[in-house]
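Okay, structure first, notes after.
The values are calculated or read from the model by the stated rules, or taken from the named source; none is laboratory data. Since we're looking at a predicted model, the values are computed, not measured. When we count neighbours, we look across all protein chains shown, and the Cβ atoms used for this are built from the backbone with ideal geometry, even at glycine.
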Amino acid sequence: MAYFVTGATGFIGRFLLAELLEREGTIYALCRASSLDKLDDLKGRLGDDDDRIVPVIGDLSRERLGVSTEEIERLDGQIEHFFHLAAIYDITADGDSQRIANTEGTRHAVQLAEAVHAGHFHQVSSIAAAGLYRGVFTEDMFDEAEDVEHNPYYLTKHESEAVVRNECSVPWRVYRPGVVVGHSETGEIDKIDGPYYFFKTIQRLRGVTPSWLRGVGIEGGEINIVPVDYVVKAMDYIAHQPDLDGRAFHLTDPNALTVGGLFKALTKAAKAPQPTVNVDARAMDALPARLTSTLTKLPGAKQVTDLVLAELGIPRESFAYLTYPTHFDSTKTEAVLAGSGIELPPFSMYAQHLWEYWERTYSPDRRKDKQLARAIKGKTVMITGASSGIGRATALRVGAAGGKVILVARGVEKLEQTKIEIEDMGGEAFVHRCDLADMSDIERMAKEVLQEHGRVDVLVNNAGRSIRRSIALSYDRFHDFERTMQLNYFGPVRLVLSLLPIMRQPSSDGRKGGHIINISSIGVQANIPRFSAYVASKAALDAFSRCIASEVIDDGVHLTTIHMPLVRTPMIAPTKMYDRFPTMTPPEAADMICKAMINKPKHKGTALGNAGALAYQVAPKGVDVVLNAGYKLFPDSHAARGGKDTKSDQPSTESVAFAHILRGVHW
């Protein structure tokens with residue numbers, strides 16, 4: 001069995017290739033001669049060591065895709081499944097370009113499939129083929145599409161599907177995915193469109209407005225969103241099932257979010273203010289036509305609107321989705337997929353991954369990573385606790401910026417996943433397993449790293465353990481203090497003692513110096529109750545750093561202490577009341593660490609933490625009174641009480657308000 005794929009190096013195409021490589025057979029990939037390097041890079045990323053992906057030189061705009069007669073003769077009778085993905089998926093593209101690529105490109109693909117006598121023709125269409133149909137659009141419907149002329153994208157998607165239905169003599173199947181977004185587990189995308197147009201606006205909103213503030217949002221029609229991994233898995237599975245020819249399949253979400261629901265999910269993922277009341281954009285349709293026309297023709301109205309949209313990076317065409325009128329029924333597709341194990345995850349489960357990938361890859365703030373790239377160019381950066389949370393987010397940033405990343409933690413499987421993500425971004429990463437609470441294992445790992453990599457230029461002591469328990473519940477739990485000190489203090493000290501000698505010595509190329517970044521806690525500044533074990537261990541590391549800093553400064557070694565506020569990581573998950581508290585995201589925490597790599601400050605913290613430290617110096621007893629109020633508002637957790645009193649995990653309205661006022665403090 002052999003496959004032919006157009007658009008193989010595109011977003012959906014490269015994920016489909018990964019699925020097809022799990023099956024047997026050669027995969028012929030159409031590409032231009034100028035894109036051979038791009039295909040070779042993709043083969044390397046997919047691990048195609050057996051050269052099963054074979055390039056076929058051609059052009060979408062030419063008859064039979066511009067494939068030579070000799071090539072057609074070689075492929076004749078070999079292709080069982082012909083996948084046509086190549087197209088322009090962009091509502092902002094001009095009509096002529098879309099007609100050539102989408103309509104004529106499909107016609108040329110059909111010609112080639114017929115010329116090589118392919119077994120099946122698989123057309124990747126879009127829900128756009130329905131135009132602006134008002135109501136429920138089923139998988140059996142096509143001619144019922146409405147207002148396809150509204151946009152060249154709708155029109156050419158409808159026309160290209162008509163080409164397959166009316167002109168293709170090869171048994172065909174059509175797939176209509178919804179708005180395809182990034183991978184549901186990694187968030188990976190390759191361009192900005194669809195809902196991503198609004199990410200920049202949400203990011204700006206977060207920057208100027210407290211996350212706890214509630215306001216007014218926009219409601220509208222359904223936005224049918226699906227992650228790329230679901231699309232390709234479903235398409236691959238359906239393509240290989242018998243007796244399904246001549247049918248269209250909706251790769252859509254049967255429980256699609258409305259515009260308001262989508263905006264709420266995205267603002268939650270971004271830790272931005274969430275709306276409590278939505279104004280329905282569809283109400284505009286009820287306004288008299290003369291009134292809406294007058295409003296749009298006011299002097300300067302269009303110019304002002306265009307300027308605002310350009311600044312926010314939102315194309316005017318995307319506003320059609322605010323009142324999108326169509327619901328897509330996918331009952332028959334769901335029936336085919338039943339029992340396959342292929343399920344569409346709800347958007348809320350992967351929205352965070354989409355946001356984090358966009359923020360570190362496409363956000364306007366990514367220009368800061370140019371400074372980071374200059375700061376860590378050619379350097380080896382070790383990050384402990386790199387399997388999740390802050391450590392993972394930092395590793396991804398450093399890897400994307402060109403640093404050589406040493407990933408350290410106990411869980412090898414998660415480290416390997418992080419390594420793959422870094423390499424997919426073109427970075428370099430190495431996994432070194434270590435139990436950072438075991439001094440002998442730290443010594444072993446440090447020797448292993450120095451033998452393999454020569455030196456560590458930047459060390460981020462991030463791994464840690466937190467215990468939240470009042471002193472009244474700790475009288476018989478001395479081991480809490482021992483194990484916290486073991487991981488949070490003795491572990492980093494052991495690692496510093498192993499790596500510091502090489503940092504202080506010139507390398508073979510004359511390089512000398514290093515940077516040690518210790519992740520401490522806002523609790524050290526604010527002396528938060530219930531964290532005596534945790535805060536004491538972090539304070540010990542702070543003191544260690546301050547003392548040795550003056551000894552190594554003339555060797556070019558810098559030490560930075562970051563007093564990190566409350567961050568939503570697996571470490572705080574057991575304390576369920578934190579689910580309602582304002583927290584920093586791991587990417588935001590990683591940003592603090594990356595800025596420290598650039599500027600090498602002595603200390604980095606939040607304004608609240610710094611104010612807390614100053615207040616304790618000026619009026620320590622007054623601070624005790626305030627903290628005592630917090631101590632009474634936030635009871636010990638269910639786990640701290642030994643499994644008793646489950647109601648203790650539910651914060652009161654007063655405690656939530658207190659937590660928002662003192663944002664970032666872990667009570």
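Summary table
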{"quantity": "Tally, over region 59-111, of residues that are at pLDDT 90 or above and either among the β-branched types (Val, Ile, Thr) or on the phi > 0 side of the Ramachandran plot (or both)", "calculated": "12"}
{"quantity": "Number of positions in region 208-243 that are among the charged types (D, E, K, R), under 26 Å from Gly182 (Cβ atoms) and modelled with pLDDT of 85 or more", "calculated": "4"}
{"quantity": "All positions within region 505-522 that are at pLDDT 95 or above and not in a strand (DSSP E or B)", "calculated": "none"}
{"quantity": "Some residue of region 439-455 being assigned to a loop (DSSP other than H, G, I, E, B) and touching a strand residue (DSSP E or B) at 6+ places or on another chain (Cβ under 8 Å)", "calculated": "yes"}
{"quantity": "Filter result for the condition that a residue is in contact with a strand residue (DSSP E or B) (Cβ under 8 Å, 6 or more places away or on another chain), of a type in the set (Gly, Ala, Ser) and under 21 Å from Leu497 (Cα atoms), over Ala463, Ala429", "calculated": "Ala463"}
{"quantity": "Sole residue being in the same structural domain as Val405 (by TED's automatic domain parsing), at pLDDT 95 or above and more than 35 Å from the chain's Cα centre (by Cα), chosen from Ile502, Ile548", "calculated": "Ile548"}
{"quantity": "Check on Ile53, touching a strand residue (DSSP E or B) at 6+ places or on another chain (Cβ under 6 Å), among the β-branched types (Val, Ile, Thr) and crowded, with 21+ Cβ neighbours inside 10 Å", "calculated": "yes"}
{"quantity": "Any hit, region 613-627, residues being under 30 Å from Gly403 (Cβ atoms) and modelled with pLDDT of 75 or more", "calculated": "no"}
{"quantity": "Boolean, Arg494 is of a type in the set (Lys, Arg), modelled with pLDDT of 95 or more and over 21 Å from Leu566 (Cβ atoms)", "calculated": "yes"}
{"quantity": "Scan of region 139-162 for residues that are of a type in the set (Val, Ile, Thr) and either within 24 Å of Val336 (Cα to Cα) or buried (at least 22 other Cβ atoms within 10 Å of the Cβ) (or both), ordered by number", "calculated": "Thr156"}
{"quantity": "Unmet requirement for Gln525, which otherwise passes all of (1) closer than 21 Å to Ala607 by Cα; (2) within 33 Å of the chain's Cα centre (by Cα); (3) not in a helix (DSSP H, G or I)", "calculated": "(3)"}
{"quantity": "Options Val67, Val110, Val124, Val136: the member that is among the β-branched types (Val, Ile, Thr), touching an Asp or Glu at 6+ places or on another chain (Cβ under 8 Å) and crowded, with 17+ Cβ neighbours inside 10 Å", "calculated": "Val110"}
{"quantity": "Helices (runs of 4 or more DSSP H) contained in region 50-148 and holding at least 2 residues free of Cβ contacts under 8 Å to residues at least 12 places away in the same chain", "calculated": "69-75, 95-98"}
{"quantity": "Subset of region 442-473 (residues that are at pLDDT below 90 and more than 19 Å from Ser387 (Cβ to Cβ))", "calculated": "Ile467, Arg468, Arg469, Ser470, Ile471, Ala472, Leu473"}
{"quantity": "Scope region 72-100; condition over 30 Å from the mean Cα position of the chain (by Cα) and aliphatic (A, V, I, L, M); matching residues", "calculated": "Ile72, Leu75, Ile79, Ile100"}
{"quantity": "Which numbered condition Ala395 misses (of (1) buried (at least 20 other Cβ atoms within 10 Å of the Cβ); (2) in a helix (DSSP H, G or I); (3) touching a residue at least 40 places away in the same chain (Cβ under 8 Å))", "calculated": "(3)"}
{"quantity": "Selection from region 320-346 of residues that are under 18 Å from Val232 (Cβ atoms) and in a helix (DSSP H, G or I)", "calculated": "Thr333, Glu334, Val336, Leu337"}
